[in-house]
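Only one structure is covered here, and it is reproduced in the block below.
A short reminder: the numbers here are calculations on the coordinates, not readings from a lab. The structure presented is a predicted model; accordingly, all values stated were derived computationally and were not measured. Reconstructed Cβ throughout: ideal geometry from the backbone, glycine too, with neighbour counts over all protein chains shown.
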Amino acid sequence: MRIVSIVGARPQFVKAAPICKALRAEHEEVLVHSGQHYDHGMSEVFFEQLGIPAPDYNLAVGSGTHGRMTGEMLPLIEELLSELAPDATIVYGDTNTTLAGALAAAKLGVPLVHVEAGLRSFDRSMPEEVNRVVTDHVSDLLLCPTTTAVANLAAEGVTDGVELVGDVMLDTARFFAETADGGSVLASFGVEAGGYHLATLHRAANSDDPERLASVVRAFSRLELPVLWALHPRTAENLERFGLAAQVEAAGVRVLEPVPYMETIALLRGAAALLTDSGGMQKEAYFFGVPCVTLRDTTEWVETIQSGWNTLVGTDEDAIVAAVRDFVRPAERPEFYGDGHAAVKAVAAMERRYGG
Ligand code: UD1
């Protein structure tokens with residue numbers, strides 16, 4: 001098979017890494033980077049650490065409004081797909097890059113494979129939810145990470161081409177957890193396992209809202225352990241713009257530049273708790289048995305909540321503090337996300353559908 005894979009944002013590099021490896025064992029993969037994320041710390045370093053080959057094409061689209069970004073990607077991807085005539089195109093997750101790739105492939109009649117299909121937060125005000133819904137409804141092969149995802153698709157009448165393969169992020173997390181030297185990473189950050197909380201925050205609904213940001217900072221200042229906050233560039237910019245940088249410093253929060261993948265996994269595994277509005281990191285915390293406090297009102301990863309490992313608190317100061325303080329470690333951590341071999345299953349599903 002000849003497959004075009006389209007990536008562009010940080011979490012997509014994590015998802016593409018195991019697919020890339022499994023695919024290239026027997027097939028041709030052409031890798032396209034939209035350029036949605038472009039800083040070294042947001043993009044290249046992930047390719048280096050995850051062993052992903054350099055992209056064959058970089059569309060260098062960069063930042064912008066959602067419509068502009070998606071719109072600029074569309075004709076560029078269309079042109080490439082017309083030229084390359086692949087057997088199928090893969091898109092990952094729920095970013096604007098996912099949406100642009102999905103629309104370009106669907107309009108050309110190139111079969112579309114969606115990795116991480118069927119996720120729903122049921123909150124259409126999230127740009128990611130719109131991207132997910134549209135992408136799923138124009139996909140030919142929908143590779144689901146969980147049984148919840150399969151059920152979500154069925155509820156929307158989507159059953160053809162739906163396959164449960166497990167979560168590719170677990171493949172990546174397991175592989176690198178075995179190879180990374182966590183102890184030396186923690187030492188390089190000057191922290192000890194269990195002695196700090198890790199935080200990340202980048203959702204538009206949080207980072208673009210001064211009230212919600214301020215409430216999160218106040219909550220961080222009240223936690224017993226120090227917070228290491230890996231700052232997304234957008235959040236860093238907004239903390240300055242809203243005059244909150246001094247409060248962050250006064251709160252005793254340690255601000256970090258965007259942290260590469262291996263260091264993130266090591267810091268996560270050593271954290272007493274994760275405080276985040278990331279989708280992927282809620283799961284990564286679950287994979288490693290780290291309690292998670294999710295700074296959102298909804299989540300796609302409902303299993304992490306139902307099993308007691310994750311608490312949805314939004315950005316209410318008291319709720320954040322209480323969730324960290326009152327966490328009770330559940331006795332069980334079921335394998336909702338498969339067995340860590342999702343990528344091989346995903347490629348097998350593609351072979352069955354597009355004739356190995
Ligand atoms: C995007 C995805 C989100 C994903 C996240 C992972 C969409 C709608 N959102 O959000 O689903 O969870 O990536 O990080 O696609 N910026 C830089 N350098 C970069 C990239 C971005 O400084 O390399 C800054 C720019 O100011 C940019 C802002 O971050 O405007 C937001 O970037 P964008 O790609 O629009 O969205 P994310 O918040 O990263």
message: Looking at residue 252 and the list (1) in a helix (DSSP H, G or I); (2) without any contact (Cβ under 8 Å) to a residue 60 or more places away in the chain; (3) out of contact with any Leu (no Cβ under 6 Å at 6 or more places or on another chain), which single condition is not satisfied?
response: (1)
query: Quick one: in region 299-320, which of the residues that are among the acidic types (Asp, Glu) and part of a helix (DSSP H, G or I) is nearest to residue 169 (Cα to Cα)?
result: 303
task: Could you check, for region 103-126, whether at least one of its residues is within 16 Å of the ligand (Cβ to nearest atom), outside any loop (DSSP other than H, G, I, E, B) and under 17 Å from the mean Cα position of the chain (by Cα)?
output: yes
query: Among the residues of region 13-42 satisfying the criterion of being within 8 Å of the ligand (Cβ to nearest atom) and surrounded by 23 or more Cβ atoms within 10 Å (Cβ to Cβ), which is farthest from residue 257 (Cα to Cα)?
result: 36
message: Cβ-Cβ under 7 Å, sequence separation 6+ or interchain: first residue in region 6-29 and under 11 Å from residue 55 (Cβ atoms), partner more than 14 Å from the ligand (Cβ to nearest atom) and among the acidic types (Asp, Glu). Which pairs?
response: 20/29
query: Can you find a residue in region 94-103 that is surrounded by fewer than 22 Cβ atoms within 10 Å (Cβ to Cβ), in contact (Cβ under 8 Å) with a residue 40 or more places away in the chain and touching a strand residue (DSSP E or B) at 6+ places or on another chain (Cβ under 8 Å)?
result: no
query: Would a scan of region 266-277 turn up a residue that is of a type in the set (Ser, Thr, Tyr) and either surrounded by fewer than 22 Cβ atoms within 10 Å (Cβ to Cβ) or without any contact (Cβ under 8 Å) to a residue 40 or more places away in the chain (or both)?
result: no
message: Can you say whether residue 296 is of a type in the set (Lys, Arg) and part of a helix (DSSP H, G or I), as far as the supplied structure shows?
response: no
query: Does residue 83 count as among the charged types (D, E, K, R) and surrounded by fewer than 17 Cβ atoms within 10 Å (Cβ to Cβ)?
result: yes
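Go through 130, 115, 61 for me and flag whichever is of a type outside the set (Gly, Ala, Ser) and touching a Leu at 6+ places or on another chain (Cβ under 7 Å).
Just one listed residue meets the conditions, 115.
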- prompt: Has region 85-101 got at least one residue that is on the phi > 0 side of the Ramachandran plot and within 16 Å of the ligand (Cβ to nearest atom)?
  reply: yes
Search result, residues across region 22-59 that are touching a helix residue (DSSP H, G or I) at 6+ places or on another chain (Cβ under 7 Å) and assigned to a helix (DSSP H, G or I): 22, 23, 42, 46, 47, 49, 50
query: Do we have residue 140 as acidic (Asp, Glu), touching a strand residue (DSSP E or B) at 6+ places or on another chain (Cβ under 7 Å) and away from the ligand (no atom under 16 Å from the Cβ) here?
result: yes
